[in-house]
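Comments concern the structure below.
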């Protein structure tokens, strides 16, 4: 079984992590990326210890940590006056969980993954847009047919492979977001040194440092109907942010003022409903957003994709057949990913409630209190 040919559709974080893990386990991996060249769009991404355990498993954790920033603390602040509501200590992440907590620019993470996949012997194809799957053959837009023994759909929110499971498209969640990067200077240097978020009725603002703490990654969220474009590079205006967050704390106004007008983007947050299974016999499997696209309000989307990738590779390696390995994968992952999907949605309601000053006073439900960081994709039973 170790010589089985596996086609991974999608060259994002989950797809590359799966390709690296599967190739290292002895499978012959071909990864298909629709874009003409490898390169990750977007800005920052949070890799909590449960995600980083996957990269410890692959021997990439220290390279990734060195390219990112390990925060020692985080805080949640009131939208109007900026007072601290909750503080999270992150100084002992390595000791407590056996892996670091890392902020990193997506492009920096992606570059490390591409290099590891190339070094591991994966076949990487760009300009390879999948349009259909027939059995275990992937049909490309240019007419090519990529044959294999298993197809893994890691092709994100708009997954072509997921179309084999259901006809519905991703649904709008009622939230939109703006993102931007700015030099961590002046007031923004203080915010980079103590990352976190401001929360308020129907809105929230997240910020954290990347690239040696020289850049502040900023994401602004709001409930907003009537705007449903979900591309990563749709231009936005600073005036839109100023109007949406009028009256918010001085720190938020400083971030808006620093947001680069020519590199400020807005998108609608879409998600998926849980599927009952992510596999079709011994032919197809889904992982990451293709399987369980969720809102970003638990910060676990990328982590779930990484966990999926490691557990899938372990399950296939431990099995005598592809079908058995896929069954083990779903049994090990489905309940957790579905739970995080649901909690992410609920967390938006908690963080954007009207009684902001009560947040965290009782029954705080976040990645820490829910035990999400304890999970270990390297050792969970398969």
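Any read-out appearing in this document is the output of simple, stated calculations on the displayed coordinates, not a laboratory observation. Predicted, not measured: the structure shown is a model, and the values here were computed from it. Every residue, glycine as well, gets a Cβ built from its backbone with ideal geometry; the counts of neighbours run over all protein chains shown.
When the alpha carbon coordinates of the chain are projected onto the principal axes, the ranges are 59, 44, 35 Å, largest first. Distance between the C-alpha centres of region 46-72 and region 240-283: 23 Å, rounded to the whole angstrom. Note: relative contact order over region 61-133, using C-alpha pairs below 8 Å and six or more positions apart, is 30 percent. Between 0 and 90 degrees, the angle of helix 13-24 with respect to the longest Cα principal axis of the chain falls at about 40 degrees. Based on the Kirkwood approach, the hydrodynamic radius assigned to region 11-144 is 16.8 Å, with every pair of different Cα atoms included.
Relative contact order (percent) for the chain, with alpha-carbon contacts under 8 angstrom and 6 or more residues of separation? Relative contact order comes out at 22 percent.
Using alpha carbons only, how many degrees (0 to 90, rounded to 10) separate the axis of helix 301-317 from the longest principal axis of the chain? The angle comes out near 20 degrees. From least to most packed, judged by other beta carbons within 10 angstrom and beginning with the fewest, 48, 320 follow the order 320, 48. By the gyration tensor of its Cα atoms, with a ≥ b ≥ c the square roots of the eigenvalues, what is the shape of region 67-117: rounded for a/c under 1.5, prolate for a/b over b/c, or oblate? Oblate, because a/c is 1.5 or more while a/b does not exceed b/c. With N as its number of residues, region 16-80 has a Cα radius of gyration that, divided by 2.2 N^0.38 Å, comes to 1.49. Taking the longest Cα principal axis of the chain as reference, the axis of helix 106-120 is set at about 20 degrees. For region 136-220, just list the percent of Cα-Cα distances falling in each 10 Å bin from zero outward, please. Distribution as computed: 14, 27, 18, 22, 16, 2 percent. When shorter helices are ignored and each DSSP H run of at least 4 residues is given -39500 (n - 2.57), the per-residue value for the chain at 222 nm works out to -9500 deg cm²/dmol. Comparing 179, 333, 73 in a Gaussian network model of the chain, where Cα atoms under 10 Å apart are tied by springs, the biggest mean-square fluctuation is seen for 73.
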